[in-house]
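The values are calculated or read from the model by the stated rules, or taken from the named source; none is laboratory data. In this text the structure is predicted, and so the values were computed from the model without any measurement. Positions of Cβ are generated from backbone atoms using ideal geometry, with glycine treated the same way; all protein chains shown enter the neighbour counts.
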């Protein structure tokens with residue numbers, strides 16, 4: 001849960017902005033959201049910004065103009081940095097003060113002088129180049145969706161889809177931080193070893209089963225000292241914000257290499273992240289109880305158990321995956337939705353992931369990225385990757401234009417979107433996370 005100094009009152013959720021586009025639910029970036037980003041304009045210089053409607057407020061420009069005067073020195077310096085890392089490391093109270101100031105600057109009650117000054121720091125989103133927002137030193141990918149784990153496990157172990165440890169321990173692996181790329185960066189089809197049939201020798205060639213994975217990124221705010229675990233009751237306060245993430249996967253490479261040590265080259269060639277990081281305070285009205293465990297499942301061990309986390313540690317966040325093929329693009333067709341699931345159905349909450357990650361004394365750093373793993377639901381159209389949707393490439397997906405897919409082809413583009421909906425509250429969007437597949441070198 002967010003610290004009490006960074007929670008919005010009921011009245012704050014009713015506020016409107018003088019930036020008219022922020023009041024349009026279709027845009028998803030209302031006054032209460034203010035997702036952070038890093039962008040460059042005509043001068044090419046990276047600046048920290050916040051999304052508002054269809055514009056970006058340049059915080060570096062706000063600082064130069066004196067609009068952030070009175071805020072702490074660390075916040076002032078963080079707003080002049082070129083990544084969000086320094087801001088993530090600031091005290092929660094200072095982060096809350098910055099967001100409060102930004103809301104006041106953009107609020108419909110702001111006077112004409114304020115509006116005039118702030119207008120000079122606004123850039124249309126469609127003219128800005130969005131950059132990778134965070135320099136993550138470390139990246140960990142979890143396996144927190146029991147529906148995904150069951151669907152995948154059933155392909156290889158029909159009689160025992162879940163391994164015995166799954167319901168006791170949050171499963172994860174350390175990914176490759178250097179190949180984290182921002183949305184819109186093309187993804188080159190990787191080459192690797194595959195072994196197509198029992199008894200045959202492996203070969204080295206471009207992957208023939210390129211896949212996407214619908215995931216959510218948790219960015220770490222303040223970390224923990226080496227050797228000092230984060231208690232479950234405090235774990236949620238270590239999350240700065242959420243973002244969309246696509247963990248591209250070469251399934252044929254993965255099936256050959258993953259035993260005995262887990263994912264390696266099949267995962268490390270590219271992981272796409274959205275340019276937008278939505279602060280945790282934004283999700284307060286969309287918090288829901290943790291997914292109810294089936295009767296007979298073991299209760300979490302004590303270090304993973306917390307009553308408040310079980311009562312409100314999950315987030316009602318709808319996640320969607322769309323596909324655009326070269327033929328669809330040429331015909332001007334809209335992206336076709338492949339799946340729709342919800343983050344609330346994870347078996348392990350975000351706080352449990354952090355508590356477990358640090359339980360051995362592992363030290364997390366500001367800006368570290370923890371991914372949920374593929375988010376899937378219990379229904380067939382809630383599967384968050386092609387491996388599930390095609391039952392291991394044994395069946396095809398039929399597209400509206402007559403094309404079929406069992407795996408991603410060169411020229412395909414995958415688009416991830418995420419939004420929170422609740423009556424009486426503005427729509428909160430996580431923006432998009434896009435990736436276009438290029439042919440192998």
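Brief remarks follow.
- Of all residues making up segment 268-302, the number that are over 21 Å from residue 219 (Cα atoms) and either surrounded by fewer than 18 Cβ atoms within 10 Å (Cβ to Cβ) or not assigned by TED's automatic domain parsing to the domain that holds residue 369 (or both): 11
- Lone qualifier among 335, 294, 298 - being under 24 Å from residue 419 (Cβ atoms) and out of contact with any helix residue (DSSP H, G or I) (no Cβ under 7 Å at 6 or more places or on another chain): 335
- Qualifying residue in segment 188-203 (condition: under 23 Å from residue 379 (Cα atoms), in contact with a helix residue (DSSP H, G or I) (Cβ under 8 Å, 6 or more places away or on another chain) and in contact (Cβ under 8 Å) with a residue 60 or more places away in the chain): no
- When segment 115-142 is limited to residues that are in a helix (DSSP H, G or I) and in contact (Cβ under 8 Å) with a residue 12 or more places away in the chain, the one that is farthest from residue 13 (Cα to Cα) turns out to be 127.
- The set of residues from segment 9-36 being at pLDDT 95 or above, under 16 Å from residue 281 (Cα atoms) and outside any loop (DSSP other than H, G, I, E, B) comprises just one member, 36.
- A single entry from 144, 201 fulfils the requirement of being outside the structural domain of residue 81 (by TED's automatic domain parsing) and surrounded by fewer than 16 Cβ atoms within 10 Å (Cβ to Cβ): 201.
- Residues that are more than 17 Å from residue 135 (Cα to Cα) number at least 2 in the following strands (runs of 3 or more DSSP E) confined to segment 159-246: 172-174, 191-194, 203-206, 214-220.
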